[in-house]
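J.: This structure is in structure tokens; I'll ask about it shortly.
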Amino acid sequence: MPIEFEVKLNQKDMYRFHMHHIYTSVNGFLSIVFAILAFAMAVNAYGKGLSNYVVVYILLGIVFLIYFPLNSKFKSSVQLAAPNGLKDGIRYQFTDEKIKVSVGEESIEFMWNQIYKMQSTKHQILIYTSRKHAYIITREAVGDQYEALYQMAGRCLEKYQNCMKA
């Protein structure tokens, strides 16, 4: 039995995806580590009486902390403003053989073995077709069909590809 629903993304959904993608990767981890190092160097410089360096290190730490969130906010608004149908609605149809994604009159179908990874978070289900590119499905759009989708993913994906939570 196919599972069907429509997803209308907003800026908050796109922002959540970008933040999740960044902070579960090496870039996000390194930005936090560099921010901590910059603040530690500021404390060290303050102890040595180097006030000019204190300011520079604090500013550097702040940049490392706010760059990715601000960039993600900007990217989210740009992606939704583009005429790609993301905010208009994306229709998903899941069967045991394939997944069909439709935006307006255009659609694409791909087999389950073409999925890199399927992952769920508190607010979203992410279907990665590569390491960087994913289809974003809000949990709200899936509603009470989540359990059926979770079981279908369990049947159709290899265990290492299925990162959905029950």
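J.: So, with +1 on the Cβ of K and R and -1 on the Cβ of D and E, and no other charges, what is the size of the charge dipole of the stretch 53-159 about its Cα centre, to the nearest 20 debye?
T.: Approximately 440 debye in magnitude.
J.: Using a 1.4 Å probe, what is the accessible area per residue for the chain, in Å²?
T.: Numbers: 10480 Å² over 166 residues.
Per-residue value: 63 Å².
J.: Using a 1.4 Å probe and counting only protein heavy atoms, arrange 39, 68 so the residue with the most accessible area comes first.
T.: Values: 39 70, 68 40 Å².
My answer, sorted largest first, is 39, 68.
J.: Subtract the Cα-Cα distance of residue 48 and residue 148 from 0.36 nm times their separation in residues, and report this length gain in nm to one decimal. Before the final figure, lay out the partial values.
T.: Values: separation 100, 0.36 × 100 = 36.00 nm, distance 6.16 nm.
The span from residue 48 to residue 148 would gain 29.8 nm if fully extended.
J.: Taking all protein chains in place and a 1.4 Å probe, what share, in percent, of the accessible surface of the chain do carbon and sulfur account for?
T.: Working: 6160 of 10480 Å².
Here carbon and sulfur together make up 59 percent of the probe-accessible area.
J.: Right, another one. Kindly write out, for the stretch 153-166 in residue order, the coupling ³J(HN,Hα) from the Karplus curve 6.51 cos²θ - 1.76 cosθ + 1.60 (θ = phi - 60°), rounded to whole Hz, with x marking Gly and Pro.
T.: After applying 6.51 cos²θ - 1.76 cosθ + 1.60, I find 4, x, 7, 9, 10, 5, 4, 6, 8, 8, 10, 7, 9, 5 Hz.
J.: Same structure again: For Rg and Dmax of the Cα atoms in Å, one of (1) 20.4, 70; (2) 17.1, 61; (3) 15.1, 45 was computed from the structure I shared and the rest are decoys. Which label?
T.: (1)
J.: Distance between Cα centroids, the stretch 1-35 to the stretch 71-138: provide it in whole Å.
T.: 12 Å
J.: Using the beta-carbon distance between residue 123 and residue 59 and R0 = 41 Å, what value does 1/(1 + (r/R0)^6) give for FRET efficiency, to the nearest 0.05?
T.: Details: r = 33 Å, r/R0 = 0.80.
Computed FRET efficiency for residue 123 and residue 59: 0.80.
J.: So, one more: Would you kindly derive the ³J(HN,Hα) couplings of the stretch 29-44 from the backbone phi angles with the Karplus curve 6.51 cos²θ - 1.76 cosθ + 1.60 (θ = phi - 60°), listing them in order in whole Hz, with x for Gly and Pro?
T.: 4, 5, 5, 5, 4, 5, 5, 4, 4, 5, 5, 5, 5, 5, 5, 4
J.: A further question follows. If ligands, DNA and RNA are left out, what is the accessible area of residue 53 with a 1.4 Å probe, given in Å² to the nearest 10?
T.: Looks like 120 Å² after rounding.
J.: Let me spell out the model: positive unit charges on the Cβ of Lys and Arg, negative unit charges on the Cβ of Asp and Glu, origin at the Cα centre of the stretch 41-98. What dipole size does that give, in debye rounded to 20? Provide the component values of the computation, followed by the final result.
T.: On the way: 6 positive and 3 negative charges, 40 e Å.
It comes to approximately 200 debye.
The values are calculated or read from the model by the stated rules, or taken from the named source; none is laboratory data. Since this is a predicted model, take the numbers as computed values, not measurements. Cβ: placed from backbone, ideal geometry, glycine included. Neighbour counts: every protein chain shown. To get the accessible areas, we keep the full protein, side chains included, count just its heavy atoms, and leave off ligands, DNA and RNA. Shrake-Rupley method; radii C 1.70, N 1.55, O 1.52, S 1.80 Å.
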